[in-house]
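Structure first, commentary second.
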Amino acid sequence: MKIKTLLFILAALTVTGVATQADNTSLYMTVHHDYAGSAEILNQDFARGVKRTKMALRAEQSISGHSVASSELFNNLCVAYVKQNELKKARTVCKRAVSHAMQTSSGIGQNPKAIKRVKAAALSNRGVLNMLDGKLDRALADFNKASTLSPALGFVQLNMAAATTARSESGLAVVID
């Protein structure tokens, strides 16, 4: 299974409790392409994208529970809610995206590296949300775990660099495993 992702860039975000120099940091979120609602989310028609994604998610979960598809659909909802600044909903959905991704294992016809990319994308998106909430330690933990799962994902490395910069500019020591 080949995973297609597209990136949303959240530029000029204000991260609570972080020095103003970090305000210009770009953060990257991934949307899994080729799912109901993904085109709408990418075109910033969030209300329609959320509605279509939720319908697809209900159908997917009635069939397979913790599948790659349900993880990716939760991930897309996470991005849509963040982009709409509905952070309370985003927290719930991003958490579920990570939970579903971590419970997903390689099955028949599924590429283990693709599964790791799905997990890394969910962790990275949750890390972005943690940065928006000013939880830099949690963001770094998510980015580090995502990087361990799939080191070749450039957006994860960029997000980790942004979190590291934000943390160092806030006067805290930076420790990366």
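If I go through region 78-102 residue by residue, how many of them are open to solvent by less than 40 Å² (accessible area, probe 1.4 Å) and over 18 Å from Asp142 (Cα atoms)?
The total comes to 2.
Quick check on Ala39: is it modelled with pLDDT of 90 or more, within 20 Å of the chain's Cα centre (by Cα) and open to solvent by less than 60 Å² (accessible area, probe 1.4 Å)?
So Ala39 fits the description; yes.
Considering only region 57-75, how many residues are at pLDDT below 85 and surrounded by fewer than 20 Cβ atoms within 10 Å (Cβ to Cβ)?
7
Looking at region 141-150, is at least one residue surrounded by 14 or more Cβ atoms within 10 Å (Cβ to Cβ), closer than 29 Å to Gln44 by Cβ and in contact with a Phe, Trp or Tyr (Cβ under 7 Å, 6 or more places away or on another chain)?
No, the conditions are met nowhere in region 141-150.
Can you tell which of Ser99, Ser70 is farther than 26 Å from Gln157 by Cβ and in a helix (DSSP H, G or I)?
Checking each option against the conditions leaves just Ser70.
The values are calculated or read from the model by the stated rules, or taken from the named source; none is laboratory data. Being a predicted model, the structure only gives us computed values, none of them experimental. All Cβ positions, even for glycine, are placed from backbone atoms using ideal geometry, and neighbour counts span all protein chains on display. Only protein heavy atoms, including side chains, enter the accessible area calculation; ligands, DNA and RNA are left aside. Shrake-Rupley method; radii C 1.70, N 1.55, O 1.52, S 1.80 Å.
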